[in-house]
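Below you'll find the structure, written out as structure tokens, and then a few comments.
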Amino acid sequence: MGKLTPREARLRRHRRVRNRIVGSADRPRLCVSRSNMRIYAQLIDDAEGRTLASAGSIESDLRSLKKGEAATEVGKRIAERAKAAGIEAVVFDRGGYKYHGRVKALADAARDAGLNF
């Protein structure tokens, strides 16, 4: 077997993480996904298989921000939308990405805005 591509390595890490993490209605999964330009967050109830809230840097007023600033703003927005949906606590799913940089900025902003994980 040859060397893994970065994408294959991330997906392998993500599968490993997802074996332990499951979101429920009272404590949904905060799933983070990112590309080179954008970052997205979703609150997912795995029992029903539905998205409860979402936010992303693709939103029109966030497009002009730098990537780190956009990640912070997405974290704040997902926390606000979670509060509006009556959600206080979540399980953080970093999606196989390292807990560093934009992923960490999003998580810290969500925590600062009152989301517990």
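None of the figures in this text is laboratory data; all of them are computed from the coordinates on show. Treat the numbers as computed from the prediction; the structure is a model and nothing was measured. Positions of Cβ are backbone-derived with ideal geometry, glycine not excepted, and every protein chain shown enters the neighbour counts.
Okay, here's what the table says:
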{"quantity": "Stretch gain in nm, segment MET37-ARG13, where the contour uses 0.36 nm per residue and the Cα spacing is subtracted", "calculated": "6.5 nm"}
{"quantity": "Rule-of-thumb Rg ratio for the chain [Cα; 2.2 N^0.38 Å; N residues]", "calculated": "1.05"}
{"quantity": "Candidate aspartates and glutamates for bridging to LYS98, where Cα separation is under 19 Å - those fewer than 8 sequence places away on the same chain excluded", "calculated": "GLU8, GLU69, ASP108"}
{"quantity": "Rounded FRET efficiency, nearest 0.05, which uses the C-beta distance separating HIS100 from ALA25 and R0 of 30 Å", "calculated": "0.50"}
{"quantity": "FRET E, pair LEU65, ARG111, Förster distance 22 Å, beta-carbon r, rounded to 0.05", "calculated": "0.65"}
{"quantity": "Ellipticity estimate at 222 nm from DSSP helix runs (n ≥ 4, -39,500 (n - 2.57)) divided over the chain, nearest 500", "calculated": "-11500 deg cm²/dmol"}
{"quantity": "Global size of the range 5-73 as Cα Rg and Dmax, reported in angstrom", "calculated": "13.8, 36"}
{"quantity": "Most mobile of GLY86, GLY23, GLY56 in a GNM of the chain (Cα contacts under 10 Å)", "calculated": "GLY86"}
{"quantity": "In sequence order, calculated HN-Hα J values of the range 37-52 (Karplus, 6.51, -1.76, 1.60; Hz; x Gly/Pro)", "calculated": "9, 10, 9, 10, 9, 9, 9, 10, 8, 6, 5, 9, x, 10, 8, 8"}
